[in-house]
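One structure is given below, encoded as structure tokens.
The values are calculated or read from the model by the stated rules, or taken from the named source; none is laboratory data. Quantities reported herein were computed from a predicted structural model and do not represent experimental measurements. Please note: Cβ atoms are built from the backbone with ideal geometry, for glycine as well, and neighbour counts cover all protein chains shown. For accessibility, only protein heavy atoms count, side chains too; no ligands or nucleic acids. Shrake-Rupley method; radii C 1.70, N 1.55, O 1.52, S 1.80 Å.
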Amino acid sequence: MPSWKDDVEVLVDEGKISVPYSWTVGSTLSRFYCELRDNGKIWGNRCPSCGKVFVPPKIKCIDCYEDLRDWVMLPGTGTVETYTVVRYQEPVLHPRKAPFVYGVIKLDGADTGMVHFIGGVDPEEVKVGMRVEAVIEGEREGNILDIKHFRPIK
Amino acid sequence: MRYMEKVAIIGVGMTKYDRNSPLTFAEMVFEATSKAIEDAGISKDDVDNVVTVSSDFWDGRTISTMAVTDASNAYGRDITCVEGDGTFGALYGMMRILSGTFGITIVCAHHKGTESSMNGITNCAFDPLVERKLGLDAVSSAALQARRYMEKHGLLEEQFALVSVKNHGNAMRNPRSLLPMEITVDDVMNSRKIADPLKLLDCSPVTDGACTLVLAPERQAKKLTTTKKRVWMKGVGHCTDAFRLGDRDLADTRALKKAAKRAYDMAGIVDPREEIDFAEVYDAFSYMEPLWLEGLGICDDGKGCEYLERGWFDYGGKLPVNPSGGRLSANPVQAAGLYAMAEATLQLRGKAGKHQVRGAGTALVHGINGMCGQSHCVWILGR
Ligand SMILES: [Zn+2]
């Protein structure tokens, strides 16, 4: 049965929402990012109950719910646990142009993985189990991008 | 655990999956909810409360539940919202009824994925102080999970491709489906690379859709509907894993295992492999189907692909998985889990049409929330 709807020119209204935020980084991550910015070092924190070391650090252990008071400086080296070569472009979201590589890196001295870029290597050459080290940016702002990427240890 | 009262699904309504639907999301909810009320054979005045499933980010408006108040028949009634998958919305609806405070409950979910940016919105699910700045989104994080799963158990991309072949093939029998396709493993392997190891045909499509369920307490369900119509919510379980990807082993399904055990215990299921007749499992990406089937205890860890290759999960197999075509064939995010429950309801009524699973008496429906299946909800539905 024909309907009046069949003849309607359905319009599309183009919109965009842009709202500013000033996110407080909190004491735990602030300390992490200040160490990274000022000294170029990666720190984690250890659970006094189970001994697990978290990086990026957390305020409490997710398993024990204990305060993570003990800070440990990590050497910045680690092993690639998994990775992906990103092939699509998202100019607003991605800090770099595809193809580039994300990895989960298990840092030496830590019990959690850290998601970051793997660089300084042909994306096709990246492997699980590859040994990598952090490359720290020269100009640093106090955020996760102060680590440029992790590159293979020669 | 024994409950005084049971809860039944007495009505379902779905819009046909679409892309760039000419309807607003509220209009889609009107359509799905009208169909569900009609399907239940009740009056809209029999309903006393509404649970909506929506996300402010997807809808592009805050307090998104209020935008569908009229459409979900909540005007003049109580309305509340779940921001997560529809399976969790149904859980909230059931809990409201079991509390004794509410009677007939509408649970509705909508999604207009084609109105916004999937990557932009899923990027905003990440901590703005850590991973969000890296540009991660649902697809790139899923790719990290897929690779980890492959490495842990020595799996191949070709095995994941089989899931896509099966589910797009199943969609050929579902008239509501968005992407019914007869494809081969080669087609999947040769489709555009998105984020290794995921190719285009390993990923679910951006989809528009709305779905509504009508839930009723036992005594009303028995009064208002026939045995053929009502489907019982026999068991449910849910569980959540760590938020940060690096805090989990992405190939470990510990949260799902707990959720499944709770659902099985509640439904009195001892051996899910033997007692479940078919399953709708959250296949937002091809690799997820075998991974979640392992978490659900249908197969041992690392064996999902082996069973898949043996045809266990085919439409005519021992335990058909995603006979509707799954999320790979249509994935209105958040609404998708509710669609799966509606699909399962039609199957259990014996009214699924061309994709009817023969002898469907007990169904498993699974939904996820959060990146890489951080949170899981498992339902056992039955006649
Ligand atoms: Zn601990």
Mean per-residue count of partner chain Cβ within 10 Å for A:12-24 equals 2
How large, in percent, is the carbon and sulfur part of the accessible surface of the protein assembly as shown at a probe radius of 1.4 Å?
50
Order B:Ile42, A:Ile59 by their accessible area, 1.4 angstrom probe, all chains in place, largest first.
A:Ile59, B:Ile42
Can you list the residues of segment B:116-148 that have at least 50 square angstrom less accessible area with all protein chains present than in their chain by itself, probe 1.4 Å?
B:Asn119, B:Leu129, B:Val130, B:Lys133, B:Leu134, B:Leu144, B:Arg147
Name the residue from B:Val378, B:Ile121, B:Met181 whose Cα lies farthest towards the positive end of the charge dipole of the protein assembly as shown, charges +1 on Cβ of Lys and Arg and -1 on Cβ of Asp and Glu.
B:Val378
Summing +1 per Lys or Arg and -1 per Asp or Glu among the other residues with Cβ less than 9 Å from B:Arg248's Cβ gives -2
Inter-part distance where segment B:43-119 and segment B:233-263 are each reduced to a Cα centre, Å:
24
Can you give the Kirkwood hydrodynamic radius of segment B:190-326 from its Cα pairs, in Å with one decimal?
17.3
Considering protein heavy atoms only and a 1.4 Å probe radius, which residues within segment A:86-117 exhibit an accessible-area decrease of no less than 40 Å² in the full assembly relative to the chain by itself?
A:Arg87, A:Tyr88, A:Leu93, A:Tyr102, A:Val115
What number, rounded to the nearest 500 deg cm²/dmol, is the helix-based mean residue ellipticity at 222 nm of chain B, given -39500 (n - 2.57) per DSSP H run of at least four residues and division by all its residues?
-10000 deg cm²/dmol
Can you tell me the order of B:29-37, B:308-316 when each peptide is scored by its average per-residue count of other Cβ atoms within 10 angstrom, highest first?
B:29-37, B:308-316
Report the relative contact order of segment A:23-152, percent, no decimals, based on alpha-carbon pairs under 8 angstrom and at least 6 residues apart.
23
Just in segment B:335-378: which trypsin sites (Lys or Arg not before Pro) are loop by DSSP and have at most 16 other Cβ atoms within 10 Å?
B:Lys351, B:Arg358
Can you grab the distance from the C-alpha centre of segment A:13-85 to the C-alpha centre of segment B:138-187, Å, no decimals?
34
Using a Gaussian network for chain B with springs between C-alpha atoms less than 10 Å apart, which of these wobbles most: B:Arg96, B:Arg147, B:Arg61?
B:Arg61
For a paramagnetic label modelled at 7 Å from the Cα of B:Ser99 toward its Cβ, which residues of segment B:203-247 fall within the zone defined by backbone nitrogen distances under 18 Å?
B:215-218
For chain A, what is the Kirkwood estimate of the hydrodynamic radius, computed as the reciprocal of the mean inverse distance between distinct Cα atoms, to one decimal in Å?
18.1
For segment B:100-190, report the accessible area per residue in Å² (1.4 Å probe, heavy atoms, rounded to an integer).
33
Measuring from its Cα centre, chain A shows a charge dipole (+1 at each Lys and Arg Cβ, -1 at each Asp and Glu Cβ) which, in debye to the nearest 20, is 680
Just to confirm the number: angle between the C-alpha axis of helix A:26-39 and the first principal axis of chain A, 0 to 90 degrees, nearest 10?
70
Under unit Cβ charges (Lys, Arg +1; Asp, Glu -1), what dipole magnitude, rounded to 20 debye, does segment B:297-381 have relative to its Cα centre?
400
What are the chymotrypsin sites (Phe, Trp or Tyr not before Pro) within segment A:49-80 that DSSP puts in a loop, where the Cβ has at most 10 other Cβ atoms within 10 Å?
A:Tyr65
Let me check against my output: what whole-number percent is the relative contact order of chain B, with C-alpha pairs under 8 Å and at least 6 apart?
24
Using the Cα atoms of the protein assembly as shown, I'd like the radius of gyration and the largest Cα-Cα distance, Dmax, both in angstrom.
23.7, 74
